[in-house]
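Before any comments, here is the structure.
The values are calculated or read from the model by the stated rules, or taken from the named source; none is laboratory data. Everything numeric here is computed off the predicted structure, so don't read it as measured data. Every residue, glycine as well, gets a Cβ built from its backbone with ideal geometry; the counts of neighbours run over all protein chains shown.
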Amino acid sequence: RSDNDSDSDEGCYSIASFDVTVYDNPDLVVTDLEDCEDGITGYQSFDLNDGVTTVDGNVTFYPTENDAINETNALTAAQALDVDVPLAGATYWVRSENTEDDSCYTIDSFDITVYDNPDITTTNPEFICVGDSIDLSMYVSNPDGGVLTYHTSMNDADTDMGALMNSVVTPELGETTYWVRSEITNGDYVCYSIDSITVTVETCIIDQGCTLGYWKNHTDRWCENTYTIGGEEVVIATCTPYGDVFVDAPTNGPIDIASLTLYEAISLEGNSNGENLARQSVAALLNACSSEVGYVYYNVYTLIDDVNEAWRGNPKTENSFAMELDYMNNSYCPLGGTSATTEPSDSCINGVEATSEESSFRTMTADLETADFSVYPLPFTSSLSVRYEFEYTSNVTLEFYNITGQLLRTYKDKRVTNGDVTELTLDFATKANQIYILRVITDRDVFFKKILSGN
């Protein structure tokens with residue numbers, strides 16, 4: 001009502017009405033989402049609409065609360081249908097607007113959790129013989145501690161159906177592929193990974209074996225295969241420490257057997273039970289890893305386990321097992337056709353573990369048999385005689401290196417010529433049956449020669 005101020009007595013006024021409308025802020029109820037990652041991608045895709053359970057308005061999704069309030073950086077409807085969320089998870093904000101007045105709205109947020117599928121890796125074993133069993137768990141790395149099951153098909157592993165009773169199997173002749181499933185439960189979600197193991201079964205000849213003498217004098221036939229032992233990659237080579245392969249080998253006593261190289265171990269005299277087991281086990285190792293020898297131990301890991309068990313036993317156990325290996329190593333040897341050589345394994349000369357200085361040294365000394373000097377006696381022990389054969393007079397520097405390129409000692413002599421001899425006293429430690437390098441530097445030339453140490 002509005003009255004006229006100047007004529008109030010006459011009752012002059014007007015009246016009018018207006019309506020007040022209160023719009024409902026829309027109801028909005030959200031729920032958190034969760035799932036396992038997609039394979040090993042580290043992500044999982046989500047439809048954000050699944051995070052909204054109750055709504056009576058127009059819904060839009062935003063990455064932050066501030067964006068939802070200010071209507072900035074909104075996801076399109078298509079984007080909201082397929083959002084990749086990483087293992088770190090994510091939080092999304094929802095804005096629901098009244099359909100009649102978009103200034104009336106409600107916002108809320110929900111979390112998305114992505115669970116990590118357990119890591120699992122497998123390796124294929126060496127072949128086994130017909131009728132033999134194999135434990136598949138020995139070829140599975142399961143660092144996340146998932147529950148393992150074994151299956152005969154990928155579909156069974158994927159759906160967790162038809163699991164084998166245990167991990168020990170006896171496959172038929174040929175190739176058989178098994179599937180391993182590792183799963184971890186996170187609340188209501190079971191996250192899993194699968195991988196395969198292929199086992200090859202062959203008809204085996206198991207009455208062959210070459211003696212330790214053969215392997216000692218035919219280092220070019222060493223397999224130089226790589227095996228995973230104690231979590232480390234180990235190459236079967238002349239310079240490989242015995243203890244890297246047979247981890248339970250003794251480190252005390254008359255001989256630190258674990259610290260010997262494989263070549264030093266196979267070259268032992270065998271005067272004690274420990275020495276005999278050391279040398280016979282290296283020969284057995286070379287027989288087992290050779291693809292050309294049908295050895296009783298066709299599985300290298302089984303041999304390594306048995307040798308370690310013998311080392312953990314008493315001297316009688318060492319001796320009896322050494323005698324068993326000696327018998328196996330003296331079976332028919334199918335190898336031959338190559339000249340005897342005690343050269344170090346290729347990986348010992350050109351191995352990837354060499355330092356840049358060692359690699360340079362090995363390249364520099366690749367062709368060593370051009371020296372204008374001779375050395376005796378060979379193999380050497382505590383002394384060495386160097387006879388010069390160049391046709392001029394010169395001061396000389398003699399440098400003594402091990403096979404990795406480490407300089408062990410330097411000698412000098414003055415004004416020597418053809419026929420002169422320098423006597424070297426080797427007053428430093430050398431290893432038995434190892435290759436060393438003697439470098440002779442004259443005023444005009446540099447010469448090299450490989451020389452072998454004795455027992």
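Screening Thr203 against (1) surrounded by fewer than 17 Cβ atoms within 10 Å (Cβ to Cβ); (2) within 29 Å of the chain's Cα centre (by Cα) leaves a single unmet condition, (2). Restricting Ser45, Ser17 to residues that are modelled with pLDDT of 95 or more and surrounded by 11 or more Cβ atoms within 10 Å (Cβ to Cβ) narrows the list to Ser45. Scanning the stretch 221-233 for residues being surrounded by 15 or more Cβ atoms within 10 Å (Cβ to Cβ) and more than 18 Å from Ser291 (Cβ to Cβ) gives a total of 1. Screening the stretch 258-273 for residues that are closer than 25 Å to Cys223 by Cα and more than 26 Å from the chain's Cα centre (by Cα) and picking the one that is surrounded by the most Cβ atoms within 10 Å (Cβ to Cβ) gives Ala265. Is one or more of the residues making up the stretch 37-47 free of Cβ contacts under 8 Å to residues at least 12 places away in the same chain, part of a loop (DSSP other than H, G, I, E, B) and not hydroxyl-bearing (Ser, Thr, Tyr)? Yes, the conditions are met somewhere in the stretch 37-47.
The numbered conditions (1) in a loop (DSSP other than H, G, I, E, B); (2) among the charged types (D, E, K, R); (3) farther than 30 Å from Asp156 by Cα are all true for Glu172 except (3). Residues in the stretch 281-299 that are part of a helix (DSSP H, G or I) and either surrounded by fewer than 23 Cβ atoms within 10 Å (Cβ to Cβ) or not assigned by the TED database to the domain that holds Trp222 (or both): Cys289 alone.
Could you look through the stretch 208-218, keep only residues that are part of a helix (DSSP H, G or I) and touching a helix residue (DSSP H, G or I) at 6+ places or on another chain (Cβ under 7 Å), and pick out the one that is farthest from Val293 (Cα to Cα)? Among them, the one singled out is Lys216.
Only a single item in (1) over 26 Å from Tyr43 (Cβ atoms); (2) crowded, with 18+ Cβ neighbours inside 10 Å; (3) polar (S, T, N, Q) is not met by Ser153, and it is number (2). For the residues Thr238, Thr251, the requirement of being in contact (Cβ under 8 Å) with a residue 24 or more places away in the chain and not in a helix (DSSP H, G or I) singles out Thr238. For the stretch 346-395, what are the residues that are farther than 19 Å from Thr430 by Cβ, at pLDDT 70 or above and part of a loop (DSSP other than H, G, I, E, B)? Once the filter is applied, which keeps residues that are farther than 19 Å from Thr430 by Cβ, at pLDDT 70 or above and part of a loop (DSSP other than H, G, I, E, B), the stretch 346-395 yields Asp372, Glu389, Phe390, Glu391, Tyr392, Thr393. Looking at this structure, is Pro143 in a loop (DSSP other than H, G, I, E, B), within 30 Å of Asp47 (Cβ to Cβ) and either in contact (Cβ under 8 Å) with a residue 24 or more places away in the chain or not aromatic (Phe, Trp, Tyr) (or both)? It is false that Pro143 is in a loop (DSSP other than H, G, I, E, B), within 30 Å of Asp47 (Cβ to Cβ) and either in contact (Cβ under 8 Å) with a residue 24 or more places away in the chain or not aromatic (Phe, Trp, Tyr) (or both).
Of everything listed in (1) surrounded by 11 or more Cβ atoms within 10 Å (Cβ to Cβ); (2) assigned to a loop (DSSP other than H, G, I, E, B); (3) of a type in the set (A, V, I, L, M, F, W, C), the single unmet condition for Ala88 is (1).
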